[in-house]
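Working notes, structure below.
The values are calculated or read from the model by the stated rules, or taken from the named source; none is laboratory data. Note that the structure is predicted; figures quoted are calculated from it, not measured. Every residue, glycine among them, receives a Cβ derived from its backbone with ideal geometry; neighbour counts consider all protein chains shown.
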Amino acid sequence: MISFITTGRNDDYGKGFIDRFYTSVSKNLESLEKLDVEYEYILVEWNPFNKYLIYTNKFSELFKSNKRLIDLIAAPSLNLNEGLGLNAFHEYYGKNLGIRHSKFENIVLLNADVVIPFDTMEVLVNKAKTGLDKKKYYRVVNRVQADDNLKELRAGHVNIPALPEHAHYMEITGDFPGDLCLIDKSTLINKGKGYDEANNFHRTGSQVHMDSEIMYNLYRAGCKLEYLDCDYLHIEHSSPRNPMEIRVKNVNGYQNKTDWGFINYPAREIKNNLIIVG
């Protein structure tokens, strides 16, 4: 029915990452368990250098209690074979891996700091049950900044441009496009083409804007963005990004590698909910 795909690793990104990630996953699973829906929830750990999440602190209990929670590991050997750097974390390549290993026809792509309230989760599930339009991709329109305890700090809308010259983006990506997206899997693969692994700048430089670029691919392939009038929470945190980082956005579309999502790498199923690729 529906596959949720998120990615992260235990590297303390933005300070307190593992706690934010746990809050996101546990709260979203809590909502899903209240709904009559077949699902899987894939956590992609890209190039982990600490203990796998399935064996880590509170996460281990989540994995024990929910067999639909999958720990999908992109082994460090994959990173090295691809020439991506010893310690590099590639969020969107991780999501590509999750897409390729997902088993359901509806996909929710979300970031590790996003909590989907029950009412919104119900909207997403019901939308999938009634059948997604293969010429659309869907975003939740109301973005609520929250603290670590999920207390609301401020609310905003991802479809309202910060500057007048950004208005056109709202028809294609909206703000914070990597946060949360619902899409038909065949549309994502055949029209979105996966996140761009062919761009050497993304491989060795900045990954910024990869979440926008896949939506430009969809738009150029004739798909339309539809906003859903409901809320999601984004857990606020510091950002360790370099303000001098060079950022380039490709709005002209791309042809991805034919083997995107690392489909040629062997996958070993260690147990029902632990898979290692590479």
Test for Thr7: is it under 24 Å from Thr120 (Cβ atoms), in contact with a strand residue (DSSP E or B) (Cβ under 6 Å, 6 or more places away or on another chain), outside any loop (DSSP other than H, G, I, E, B) and hydroxyl-bearing (Ser, Thr, Tyr): yes
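Yes or no, residue by residue, for (1) over 19 Å from the mean Cα position of the chain (by Cα); (2) at negative phi:
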site: Glu152; (1), (2): yes, yes
site: Gly156; (1), (2): yes, yes
site: Leu163; (1), (2): yes, yes
site: Ile172; (1), (2): no, yes
site: Gly194; (1), (2): no, no
site: Thr204; (1), (2): yes, yes
site: Asn217; (1), (2): no, yes
Selection count where residues are modelled with pLDDT of 95 or more and within 19 Å of the chain's Cα centre (by Cα), scope the stretch 237-272: 5
Ile263 vs. criteria on the phi < 0 side of the Ramachandran plot, in contact (Cβ under 8 Å) with a residue 60 or more places away in the chain and surrounded by fewer than 20 Cβ atoms within 10 Å (Cβ to Cβ): yes
Elements of type helices (runs of 4 or more DSSP H) in the stretch 96-211, at least 3 residues being in contact with a helix residue (DSSP H, G or I) (Cβ under 9 Å, 6 or more places away or on another chain), free of Cβ contacts under 8 Å to residues at least 60 places away in the same chain and surrounded by fewer than 16 Cβ atoms within 10 Å (Cβ to Cβ): none
Residue in the stretch 37-59 that is assigned to a loop (DSSP other than H, G, I, E, B) and hydroxyl-bearing (Ser, Thr, Tyr) present: yes
Residue list for the stretch 76-95, filter: aromatic (Phe, Trp, Tyr) and either part of a loop (DSSP other than H, G, I, E, B) or more than 17 Å from Ile214 (Cβ to Cβ) (or both): Phe89
Meets criteria (modelled with pLDDT under 95 and hydrophobic (A, V, I, L, M, F, W, C)) for Leu80: yes
Subset of the stretch 31-43 that is of a type in the set (Asp, Glu) and in contact (Cβ under 8 Å) with a residue 60 or more places away in the chain - its residue that is farthest from Leu97 (Cα to Cα): Glu38
Selection from the stretch 60-75 of residues that are outside any strand (DSSP E or B), in contact (Cβ under 8 Å) with a residue 24 or more places away in the chain and either touching a Phe, Trp or Tyr at 6+ places or on another chain (Cβ under 7 Å) or of a type in the set (Gly, Ala, Ser) (or both): Arg68, Ala75
Residue ID - nearest to Pro76 (Cα to Cα), chosen from residues in the stretch 14-53 that are touching a His at 6+ places or on another chain (Cβ under 8 Å) and buried (at least 21 other Cβ atoms within 10 Å of the Cβ): Asn47
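Given the criterion on the phi > 0 side of the Ramachandran plot, out of contact with any Ser or Thr (no Cβ under 7 Å at 6 or more places or on another chain) and of a type outside the set (Gly, Ala, Ser), identify the matching residue among Asp19, Asp12. Don't jump to the end; show me each part of the working.
Working: Asp19 fails: on the phi > 0 side of the Ramachandran plot.
So the residue among Asp19, Asp12 that is on the phi > 0 side of the Ramachandran plot, out of contact with any Ser or Thr (no Cβ under 7 Å at 6 or more places or on another chain) and of a type outside the set (Gly, Ala, Ser) is Asp12.
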Only one of Phe21, Phe63, Phe49, Phe17 that is within 21 Å of Thr204 (Cβ to Cβ) and touching an Asp or Glu at 6+ places or on another chain (Cβ under 9 Å): Phe49
Candidates Ile54, Ile5, Ile18 - the one that is under 17 Å from the mean Cα position of the chain (by Cα) and within 23 Å of Arg268 (Cβ to Cβ): Ile5
